[in-house]
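Written below as C-alpha cells is the structure these notes are about.
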Amino acid sequence: MRKMSVASAPGKTILFGEHSVVYDEPAIAGAVNKRASVKIQESLNNYSTLKSYDLGFEVILNTRRGTYKLVKGKPGIIRYILNAMGKFHDHSNIDMTLGLNLPIGSGLGSSAAVTVATIAALHDYHGVPITKEKLAEEAHGVEQDVQGIASPLDTLVSTNGGLVYLSREKRIVRFDKPLDAPFVIGFTNKYGNTGKMVKHVRHLKDNYPELINPVISTMGKIANEARIAILKNDIDRIADLMNLNQGLLDGLGVNTYELSRMIYTARENGALASKITGSGGGGSIISLCKNSTVDNVANAINKEDSTIKVKFSGEGVLVNRRSPPFN
Ligand SMILES: Nc1ncnc2c1ncn2[C@@H]1O[C@H](COP(=O)(O)OP(=O)(O)O)[C@@H](O)[C@H]1O
Ligand SMILES: C[C@@](O)(CCOP(=O)(O)O)CC(=O)O
Ligand SMILES: [Mg+2]
C-alpha cells in the first residue's frame, strides 16, 4: 500500500482590518465552507509530481535539486507549495494533488488555505507531530517568503477555523457564535495579487506616514468597535463599521472600478453594508444582508459579476478528514 496523507484547510473572508493587520492592528476574519485539499502519495517514479485538476496545472519536480518543470498551467500558487516543500519535505519522490473549491486570488485566502493544507499533509506524511500554533506559524512564514509581507491573519484562520478576532499581540480570540446574518461574496474575474497590493500600501505609508498612519490606526479602532458589536449581534452597528472600513480602504487605493461596481450594486439592492474583503486590487467584496434581501443582492451583482455563497465555518485544518489531535 503506497504511503498517503490528505489534509484540507478552509479559505477565509476578512470582515475588518485587511491591510491594517499587516501593521499590527487588530482584525476580524472568518473561515468559510470552501477549502483547499492536498493529497500526498509515495511516487513510483524517480521524480515527484504536483497536479491540480481544479487549477489546470501539472509540474514535474526534482526534489533533490529543488528544480521544477511546469508542464502546463500558471506558476502562481505553486510558489507557496514549493516553498513549503523546501522547508518540510525530504528528497523522497511523491505525487501531490491540489484540490480547490474556492476562487483563487479572490480575497478568500486561497494562498493561506493551500499553504496550511500543504504543510499539514507534509508533516502527517513524515509522521511529524505539530501543534495548531506551530502549523499556523510555519504557514505564515511561507506566505511571508512568497509575498514579501504578510500578516498571520489568513493562516491563523485557515488553521483554526471559526470567526476570530486577532489582537494587536497576534493572539486570536474565537467568537463563540458565528454572526447571525447572511452574507454575499461578490467576485470579479480580475483576481487581485496580495503581494502587490500589500506593497502598494507599504509604499503609501512610507511616503505619507503622517497621513496614512492615522488611517491604519482608525481601521484598528473600527475592528475593536466591531468586536463589541458582534458580541452584541448589533447588525446595524456592524454594517456602519463595515462601510466606514470600506471608505478607508478606498483611501488606501486598493479599490477598483469592478469592486466599486459590486459594492454600490449591493448597497442599492438591499445590502446593509458592502466592502472589499482581502487585499483588493481585484478579488472580492463581502456584503452584509438581511434574510429578505440576500437573494436580491446576489442577483443584482450576478448581472455583471459573480457571487459565491459561503457560510462561516467552524472547521479549520483537517488531516485525513479528521481534526488532528493537536496538542
Ligand atoms: N490559475 C492559477 N493557477 C495557479 N496560480 C494562480 C492562479 N490564479 C492565481 N494564482 C496565484 O495564486 C495566488 C493567490 O494568492 P493571493 O494573491 O494571496 O490570493 P488569495 O486572496 O486567494 O489569497 C497568487 O500567487 C496568484 O499568482
Ligand atoms: C491584505 C491582507 O491583510 C489580507 C490578504 O488577504 P488575501 O490574500 O487577499 O485573501 C494581507 C495580510 O494580512 O497578509
Ligand atoms: Mg492570500
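Residues that are within 15 Å of ligand 1 (Cβ to nearest atom) and closer than 25 Å to Asp90 by Cβ were ranked within segment 103-125; the one that is surrounded by the most Cβ atoms within 10 Å (Cβ to Cβ) is Val116. May I ask you to verify whether Gly270 is assigned to a loop (DSSP other than H, G, I, E, B) and surrounded by 23 or more Cβ atoms within 10 Å (Cβ to Cβ)? Considered against the rule, which asks whether it is assigned to a loop (DSSP other than H, G, I, E, B) and surrounded by 23 or more Cβ atoms within 10 Å (Cβ to Cβ), Gly270 comes out as no. Looking only at residues of segment 77-131 that are within 16 Å of ligand 3 (Cβ to nearest atom), of a type in the set (Ser, Thr, Tyr) and touching a strand residue (DSSP E or B) at 6+ places or on another chain (Cβ under 7 Å), we find that the one that is modelled with the highest pLDDT is Thr118. In segment 247-264, of all residues being surrounded by 22 or more Cβ atoms within 10 Å (Cβ to Cβ) and in contact with a helix residue (DSSP H, G or I) (Cβ under 7 Å, 6 or more places away or on another chain), the one that is nearest to Gly192 (Cα to Cα) corresponds to Val254. Condition (residue is surrounded by fewer than 19 Cβ atoms within 10 Å (Cβ to Cβ), over 17 Å from Asn189 (Cα atoms) and over 20 Å from the mean Cα position of the chain (by Cα)) applied to segment 300-311: is it met by at least one residue? Checking segment 300-311: not a single residue is surrounded by fewer than 19 Cβ atoms within 10 Å (Cβ to Cβ), over 17 Å from Asn189 (Cα atoms) and over 20 Å from the mean Cα position of the chain (by Cα).
Filtered by the rule that a residue be among the β-branched types (Val, Ile, Thr) and surrounded by fewer than 18 Cβ atoms within 10 Å (Cβ to Cβ), segment 169-184 gives a lone residue, Val173. If you go through segment 266-282 and pick out every residue that is of a type outside the set (Ser, Thr, Tyr), more than 16 Å from ligand 3 (Cβ to nearest atom) and closer than 20 Å to Val254 by Cβ, you end up with 5.
Is there a residue being surrounded by fewer than 18 Cβ atoms within 10 Å (Cβ to Cβ), assigned by TED's automatic domain parsing to the domain that holds Lys12 and over 15 Å from Ala29 (Cα atoms) anywhere in segment 152-167? No - not one qualifying residue is present in segment 152-167. Of the strands (runs of 3 or more DSSP E) contained entirely in segment 1-67, those carrying at least 3 residues that are hydroxyl-bearing (Ser, Thr, Tyr) and farther than 30 Å from Asp250 by Cα fall at 48-52. The residue that is surrounded by the most Cβ atoms within 10 Å (Cβ to Cβ), counting only those in segment 185-232 that are under 18 Å from the mean Cα position of the chain (by Cα) and without any contact (Cβ under 8 Å) to a residue 60 or more places away in the chain, is Gly195.
Residues in segment 36-76 that are charged (D, E, K, R) and over 30 Å from Glu315 (Cα atoms) were compared, and the one that is nearest to ligand 3 (Cβ to nearest atom) is Lys72. Tell me which residues, restricted to segment 99-119, are within 14 Å of Asn83 (Cα to Cα) and either of a type outside the set (Gly, Ala, Ser) or away from ligand 2 (no atom under 16 Å from the Cβ) (or both). Of everything in segment 99-119, those that are within 14 Å of Asn83 (Cα to Cα) and either of a type outside the set (Gly, Ala, Ser) or away from ligand 2 (no atom under 16 Å from the Cβ) (or both) turn out to be Val114, Thr115, Val116, Thr118, Ile119.
The values are calculated or read from the model by the stated rules, or taken from the named source; none is laboratory data. Remember, it's a predicted structure, so these values are computed and weren't measured experimentally. Note that we place each Cβ from the backbone using ideal geometry, even for glycine, and neighbour counts take in every protein chain shown.
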